[in-house]
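What follows is a set of notes on a single structure, which appears directly below.
The values are calculated or read from the model by the stated rules, or taken from the named source; none is laboratory data. Owing to the predicted nature of the structure, the values given are computational and were not obtained by experimental measurement. Backbone-built Cβ (ideal geometry, glycine too); neighbour counts: all protein chains shown.
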Amino acid sequence: MQNEITEDKLFPFDKIEPKWQKFWRDNRLFNVDTANAKDKYYCLMMFPYPSAALHVGHGRNYIIGDAVARYKMMRGYNVLTPMGFDAFGLPAENAAIKSGIHPETSTLNNIRTMKSQFNRWGVEYDWDREVVSCLPDYYKWTQWIFLKLYEKGLAYKKKAFVNWCPSCKTVLANEQVVDNACERCSSEVMQKDLEQWFFKITAYAPRLLKDIDKLTEWPERVKTMQRNWIGISRGVEIDFKIDGSDEKLACFTTRVDTIYGATFMAIAPEHPMAQRLIKGAKDELRILKEIQKMRDVSKIERSDANVEKEGAFTGRYVINPVNGNKIPIYVANYILMEYGSGAIMAVPAHDQRDFDFAKKYKLPITLVIDDPKNPLNVADMKEAYVEEGVMVNSGEFNGISSSVAMEKVADYFEAKKFGRRSTQYKLRDWLISRQRYWGAPIPIIYCDKCGTVAVPEKDLPVRLPHDVEFRPTGESPLKFAKDFVSAKCPKCGGAATRETDTMDTFVDSSWYYLRYITPKTSDRPFDTATVDKWLPVDQYIGGVEHAILHLLYSRFVTKFLHDIGCVGFDEPFKNLFTQGMITKNGVKMSKSKGNTVSPDDLINEYGADTVRLYTLFIGPPEKDAEWSDKGVEGAFRFLGRVWRLVESVRKSGVVPVTSENLSKEEISLKRKMHLTIKKVTGDLEGGFHFNTVISSIMELVNESYDLMGKNINAIGSAVMHESVETIITLLAPFVPHISEEMWQMIGKKNSIFRSPWPEFDKDAIVEDIITIPVQINGKLRTKVEVPLDIKDEALKEMVLADPKVKTWIGAGAIKKFIIVPKKLVNIVI
RNA sequence: GCCGAAGUGGUGGAAUGGCAUACACGCCGGUCUCAAAAACCGGUAACCUCACGGUUGUGUGGGUUCGACUCCCACCUUCGGCACCA
């Protein structure tokens, strides 16, 4: 690959890189004293699951983070950039079932491998703060958070239909089900009626939604996803009196304006009143069977919009409060028990689902909102009219627009006490139980006498036993660990048993960013004062795949900790950056697709700086990008070019300090240099535009070469020395090893990361003579060179005297003469 | 269906009301060399023209403006999220 002749043209990355990696570590460049540091900057990357080997696609996240951290360091901040491992979870356990290697062993091995990969990338962290979620000194505090939630009634156990992955043999949170399939293994998810632990995240739904507005520095798409997931609906909850009973049936509607058009009621098959309503009906048994049939279909299957609507008449009626009409009550498969009150008023004329149902069961359809443009006729309607319109058949509300009626009817309902305004959310409580081994045990004890008892804080952690048969059976493997299960009741001291489910790993990852601040505290999860000093996180960087799960759960846990006085802020992440993924052959890089590119091979061939530079140059970092091996070579060539430039300038000898009497070319290079500083700094401050940052540094390198080509004596000039120094400094955050080395080559003693970022000089950017494009009727025709401070009149005269302009104008009359100062001239003829 | 993001050379992309295609990849040519590689220099949107130069051109169709990749309206396509949520 590298023959003798080319050898000396390259830069010796294989020597440079280990040298500086050691230097940074020996000099503790990335270690921060969180208690005393001023001008803090908390740069956080989502901590990874420890997997066997990282590919260049994974690398993007860490390289971006490292570049940000190093840049902020050069801007004078005390940058905290910690790293840890989200170390509990299914893959290690599944691998263990296959290979027989204990999850702890494989996890800790993988962590070691990953750390050495970070090291080779030149990605540095404050390793004194490493957090590993599967170690007892960490999960002790995960359990502590559970206990605090339990204390406040926000962790509770209930029997519920839950998502069950038959392959992973565990339950899943709603957030972990994607297209009816397990997020992890893609098996089709089933429903099971199980008793499980939940966190009451729904209690925080209004705040989680409202505070999204505070997250001004989050990507819009992430905020939208969270809004959709929380899913707010405003409407009215109506109490319908059941005919022949004192009982009421509550239902939620967002379209109270259509109340006069309600022609039937529909309740979910699971509705608690269903059994009672049908009691005594003459074909009670048949109805019961039909309801049972609906319940037997899995909820997920049932919630598919394409499933045929099914229903059964209960034989009972409710009274419509506005007009006293008797409305039949149906049990229907399209009603979800979890949303609203599990019952709806059906308005077939103005809701497509109700329309379909009414057509099938031949129920009446009453039009109450008419289309002002094309008046409707029920007999001709092929689908529900769901738009706004004019109220008809609606008593005193006739004639007004439906949007106005929406409020008036709601007011009327509240005045008459028929119902009340209400807000509903789609968000469901967070199911945290898992019937698996490799997770944090839920700190609960069951006593025959005292019932469910929380493990006292002093007894934490509830240790995960090491030797357990963890083959998945559908029941928690811990159930079969006798020593683990048997416990003393903390209340009465009697024999009791432990909860054997473990916690969802998203609980572990919902608070790790707090632990980094004071990672060694052993009497509490973190020190509040220090955490309040460092958080919210200044910059969070990670993949968009966590837009809902991790980011929503972390926001919830932070708000909870805020409410119990453990932290002073209620949003954990001020700035969020979600990087795009790296594709190869058009698809996401992954081991299963067989299209991964190994960083190790590339680092051996080109060095880490080349891989880093290419990764940052590949495109806008928030967008997906296609990996190109040719592009890597281009990055490598560029670094070689910079290296040779620095070498030539260094060899040229002592720098003349004066920058007076500069040649025209030198002035031009100096201007370019200051423009580059301006552009690079602006592009970094205004977002992470690494691709344009690098291209503008390339331009400066090209111009420096141009000057050398034009004037060999320029190599030794002050301007050239300055330019080279600037190039090295601007490149440092991206290609740290070669930058440190070149920095030393030009005689600097300090680490470049303890040297200041360059400032641009306004005066050096100003040009005396500027080129002004001249347009005629908006089309570029020529350019004129004029002094910067030329007066409009003089400019006009000069432009009109230009022979090209004269030709173009010809005999035409000038209608307008537009001058954009220092930018452009446009003549309209 | 609803919400969000995007659409620019052969390729990745740059320019957010003022010179479209910076920078890089690829390709073509030159210098050096016995030769090659590397390096350095130059060219590279399409069409017309020997050339000078001109015309067209940022998904499509309209509009605003002296001037539009950029703003407005309508649409098409791709990607991502949500979806029987009353």
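Every residue in region A:331-354 that is outside any loop (DSSP other than H, G, I, E, B), surrounded by fewer than 20 Cβ atoms within 10 Å (Cβ to Cβ) and touching a Phe, Trp or Tyr at 6+ places or on another chain (Cβ under 9 Å), please. Selection gives A:R353 alone.
For the condition of a type in the set (G, A, S) and either more than 15 Å from RNA strand B (Cβ to nearest atom) or modelled with pLDDT of 90 or more (or both), A:A384 does not qualify. Out of everything in region A:219-240 that is more than 19 Å from A:H546 (Cα to Cα) and not charged (D, E, K, R), what residue ends up being farthest from RNA strand B (Cβ to nearest atom)? Per the criteria, the residue is A:F240. Among the strands (runs of 3 or more DSSP E) confined to region A:414-495, the ones with at least 2 residues that are touching a Phe, Trp or Tyr at 6+ places or on another chain (Cβ under 8 Å) are located at A:419-425, A:451-454. If only residues of region A:225-247 that are touching a strand residue (DSSP E or B) at 6+ places or on another chain (Cβ under 6 Å) and of a type in the set (D, E, K, R) are counted, the one that is surrounded by the most Cβ atoms within 10 Å (Cβ to Cβ) is A:E237. Within region A:208-228, the set of residues being in contact with a Lys or Arg (Cβ under 7 Å, 6 or more places away or on another chain) and farther than 30 Å from A:F413 by Cα comprises A:I212, A:L215, A:E217.
Cβ-Cβ contacts under 9 Å between residues 6 or more apart (or on different chains), taken from a first residue in region A:757-786 that is over 30 Å from A:P736 (Cα atoms) and small (G, A, S) to a second residue that is at pLDDT 85 or above and surrounded by 10 or more Cβ atoms within 10 Å (Cβ to Cβ), are listed as A:G778/A:N826.
One residue stands out in region A:325-359 among those that are at pLDDT 90 or above and small (G, A, S): the one that is nearest to RNA strand B (Cβ to nearest atom), namely A:G342. One residue stands out in region A:194-206 among those that are touching a Lys or Arg at 6+ places or on another chain (Cβ under 6 Å) and touching a residue at least 40 places away in the same chain (Cβ under 8 Å): the one that is nearest to RNA strand B (Cβ to nearest atom), namely A:Y204. Within region A:597-632, the set of residues being more than 9 Å from RNA strand B (Cβ to nearest atom), among the aromatic types (F, W, Y) and part of a helix (DSSP H, G or I) comprises A:Y606 only.
Within region A:465-494, residues that are among the basic types (K, R) reach partners that are modelled with pLDDT of 90 or more and assigned to a loop (DSSP other than H, G, I, E, B) with beta carbons closer than 7 Å, at six or more positions or on different chains, in the pairs A:K479/A:T500; A:K491/A:C450.
The set of residues in region A:711-735 that are outside any helix (DSSP H, G or I) and at pLDDT 95 or above comprises A:A732, A:P733, A:F734, A:V735.
Listed by position, the helices (runs of 4 or more DSSP H) contained in region A:241-306 that have at least 1 residues being more than 9 Å from RNA strand B (Cβ to nearest atom) and either in contact with a helix residue (DSSP H, G or I) (Cβ under 7 Å, 6 or more places away or on another chain) or within 30 Å of A:K408 (Cβ to Cβ) (or both) are A:274-278, A:284-296. You will find that of A:L285, A:L277, A:L209, the residue that is surrounded by fewer than 20 Cβ atoms within 10 Å (Cβ to Cβ), touching a residue at least 40 places away in the same chain (Cβ under 8 Å) and over 25 Å from A:N393 (Cβ atoms) is A:L209 and no other. Quick one: would you say A:T216 is more than 10 Å from RNA strand B (Cβ to nearest atom), of a type outside the set (G, A, S), surrounded by fewer than 16 Cβ atoms within 10 Å (Cβ to Cβ) and free of Cβ contacts under 8 Å to residues at least 12 places away in the same chain? Answer is yes for this residue.
Of all residues in region A:447-467, those satisfying the criterion of being at pLDDT 90 or above and buried (at least 16 other Cβ atoms within 10 Å of the Cβ) are A:C447, A:V453, A:A454, A:V455, A:P461, A:V462, A:L464.
Restricting to region A:686-726, and then to whatever is polar (S, T, N, Q) and over 18 Å from A:L639 (Cα atoms), can you tell me which residue is surrounded by the most Cβ atoms within 10 Å (Cβ to Cβ)? Looking at the filtered set, the residue picked out is A:S717.
Of all residues in region A:339-365, those that are closer than 16 Å to A:V386 by Cα have Cβ atoms under 8 Å from Cβ atoms of residues that are near RNA strand B (Cβ under 7 Å from one of its atoms) and assigned to a loop (DSSP other than H, G, I, E, B), 6 or more apart or on another chain, in A:V347/A:R255; A:H350/A:R255; A:D351/A:R255; A:R353/A:K309; A:R353/A:Y334; A:D356/A:K309; A:F357/A:K309; A:F357/A:Y334.
Exactly one residue out of A:V322, A:V409 is within 30 Å of A:L427 (Cβ to Cβ) and touching a residue at least 24 places away in the same chain (Cβ under 8 Å), and it is A:V409. Listed by first and then second residue, the pairs linking a residue in region A:696-712 that is among the basic types (K, R) to a residue that is assigned to a helix (DSSP H, G or I), with Cβ atoms under 8 Å apart and 6 or more places separating them unless they lie on different chains, are A:K710/A:E665. Applying the set (1) buried (at least 18 other Cβ atoms within 10 Å of the Cβ); (2) assigned to a helix (DSSP H, G or I); (3) in contact with a Lys or Arg (Cβ under 9 Å, 6 or more places away or on another chain) to A:T676 leaves exactly one unmet item: (3).
Residue count for region A:301-316 under the criterion of being over 22 Å from A:V378 (Cβ atoms) and either surrounded by 17 or more Cβ atoms within 10 Å (Cβ to Cβ) or in contact with a Cys (Cβ under 9 Å, 6 or more places away or on another chain) (or both): the result is 5. Within region A:746-764, restricting attention to residues that are at pLDDT 90 or above and part of a helix (DSSP H, G or I), the residue that is farthest from A:S648 (Cα to Cα) is A:R754. Restrict the check to region A:2-9 and report whether at least one residue is away from RNA strand B (no atom under 16 Å from the Cβ), at pLDDT below 95 and either closer than 30 Å to A:D629 by Cβ or polar (S, T, N, Q) (or both). There is no residue in region A:2-9 that is away from RNA strand B (no atom under 16 Å from the Cβ), at pLDDT below 95 and either closer than 30 Å to A:D629 by Cβ or polar (S, T, N, Q) (or both). Against the test of being over 22 Å from A:T692 (Cα atoms) and touching a Cys at 6+ places or on another chain (Cβ under 8 Å), the options A:D601, A:D563, A:D538, A:D570 yield a single qualifying residue, A:D538.
All of A:D532, A:D523 fail the test of being of a type outside the set (A, V, I, L, M, F, W, C) and either without any contact (Cβ under 8 Å) to a residue 24 or more places away in the chain or not in a helix (DSSP H, G or I) (or both), apart from A:D523. In the set A:G634, A:G619, only one residue is touching a strand residue (DSSP E or B) at 6+ places or on another chain (Cβ under 8 Å) and of a type outside the set (A, V, I, L, M, F, W, C); that residue is A:G619. In summary, A:G315 fulfils each of the numbered conditions (1) on the phi < 0 side of the Ramachandran plot; (2) more than 7 Å from RNA strand B (Cβ to nearest atom); (3) without any contact (Cβ under 8 Å) to a residue 40 or more places away in the chain with the single exception of condition (1).
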